Amino acid sequence: MRSHFVVTLLAGLGLASPLAAQPVAPAAAPQAAQTPPAGAETASPAVTPQDPPAAPPAARQVPSPTSPTPPPANPEGPRTVVIDAAPIGVDAQAGAYVTEVLRSGVAALGFRVLPTTELYAAAQALQLPFPVPPDGVFTLERALQAPVAVAAEVRASGGRYIVTLRVRVAVEATERTREVSADQFELAEQLRAALPAMLVPPDVAPPVEAPRASATAPVPRVRRIRAHPRRWELGGGLNLSLGPGRDSFVNALGVLRLGYFPQDRLGFTLSVDYANLRGRNERVSNALVLLGVETAVDLVPRARVFIPLRAEVGYLPLNGPVFRITAGVMFQLARRVRLEVDLLSPTFWVLPSTSPVSLDLAATLHFGL
């Protein structure tokens, strides 16, 4: 019995030793809460430079690097917006870590990074979603009067981080994008190495001091794309008037239209239409004269696609007044040529004995004079 007790005691001590040698995991440091931008349901809180990102599954067995202390703000550099990096399929701490690296890297290049309080207040006022889309980045730039904005999206694949950098320069029509792939040891270094080329001023060689020289340069206004590029337009086309109901009818009109636009998206039109109408016993011909006021609404302005809106009043000889409201789609085919397709044009015909309503479909080709 005594020997059995000694063996049991020694075995217990042998098992206890490796258990006692296991280190106790340190408690996670609390993160400082920040007010996220409006609509940023997945926005990650800011972290201190000592907080590493959450590593991808294949890299969790090794320690993560830490970012250096960010340099002091440069009061003379160009105002720059650094939007919180959006974590997609990764821990929110990874997005906060990338944000901190970007802010310190942009400041190290001589840019003046706007405070997060100013950024969040503007994003909340504009009710921007998160991640911020390209048009939202441009809107945020204009609201903060900043010529440059930086955003990023963070993913993980195969034990590596994949960061999509997005830089919007206010005088350029599209974003600059670049994808950086690195493990947790090289992530900060690779991001800082990618920033100088992304922040080169437009049409300028990449000297380091170029951003400082343009700090006080005014930001040019973005020119609005014209819906009506010429003041005078002459158009021609075909219009079909479809009368629904029991007393249905189909009227065909050949359209000749002259337009005058003293300013973009506001003009006046004069149409003289040859009308082939349904008469009492047979088809009859007539001439319809219409005066109108026209404007346009942006649909895809970069592709020069607009929605024309026109209200017209006219007179059909030997019959009575005619009223028409038109909405359609307008395509720019060339510098002076555009095609207009009217998809919704209710027309009211005031005749001596009745007042039918027709739904018109039309296609008109316009030439700038």
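Before moving on, here are some points about what is shown:
- A count restricted to region 235-266 and to residues that are within 38 Å of the chain's Cα centre (by Cα) and small (Gly, Ala, Ser) stands at 4.
- Residue among Leu291, Leu318 that alone is in contact with a strand residue (DSSP E or B) (Cβ under 8 Å, 6 or more places away or on another chain), farther than 30 Å from Arg224 by Cβ and exposed (fewer than 14 other Cβ atoms within 10 Å of the Cβ): Leu318
- Lone qualifier among Ala122, Ala149 - being closer than 12 Å to Ile83 by Cα and in a strand (DSSP E or B): Ala149
- Of all residues in region 135-146, those being modelled with pLDDT of 85 or more, part of a helix (DSSP H, G or I) and closer than 20 Å to Leu195 by Cα number 2.
- Glu76 outside any helix (DSSP H, G or I), among the charged types (D, E, K, R) and either modelled with pLDDT of 90 or more or touching a Lys or Arg at 6+ places or on another chain (Cβ under 9 Å) (or both): yes
- Restricting region 215-248 to residues that are surrounded by 14 or more Cβ atoms within 10 Å (Cβ to Cβ) and at pLDDT below 65, the residue that is farthest from Leu277 (Cα to Cα) is Ala215.
- Check on Ser271, assigned to a strand (DSSP E or B), of a type in the set (S, T, N, Q) and within 35 Å of the chain's Cα centre (by Cα): no
- Taking the conditions (1) in contact with a Gly (Cβ under 8 Å, 6 or more places away or on another chain); (2) in contact (Cβ under 8 Å) with a residue 24 or more places away in the chain; (3) assigned to a strand (DSSP E or B) in turn, Val341 satisfies each one other than (2).
- Looking only at region 272-288, and only at residues there that are of a type outside the set (S, T, N, Q) and over 18 Å from Gly320 (Cβ atoms), the one that is surrounded by the fewest Cβ atoms within 10 Å (Cβ to Cβ): Glu282
- Test result for Glu118, surrounded by fewer than 23 Cβ atoms within 10 Å (Cβ to Cβ), in contact with a helix residue (DSSP H, G or I) (Cβ under 9 Å, 6 or more places away or on another chain) and modelled with pLDDT of 90 or more: no
- Test: residue in region 325-338 that is small (Gly, Ala, Ser) and surrounded by 15 or more Cβ atoms within 10 Å (Cβ to Cβ): yes
- Residues of region 169-194 that are farther than 17 Å from Ala149 by Cα and of a type in the set (D, E, K, R): Asp183, Glu186, Glu189.
- Only one of the numbered conditions (1) closer than 17 Å to Pro87 by Cβ; (2) part of a loop (DSSP other than H, G, I, E, B) is not met by Gly110, and that is (1).
The values are calculated or read from the model by the stated rules, or taken from the named source; none is laboratory data. Just so it is clear, the model here is predicted, and its values are computed rather than measured. Counting neighbours? That spans all protein chains shown, and the Cβs are built from the backbone with ideal geometry, glycine included.
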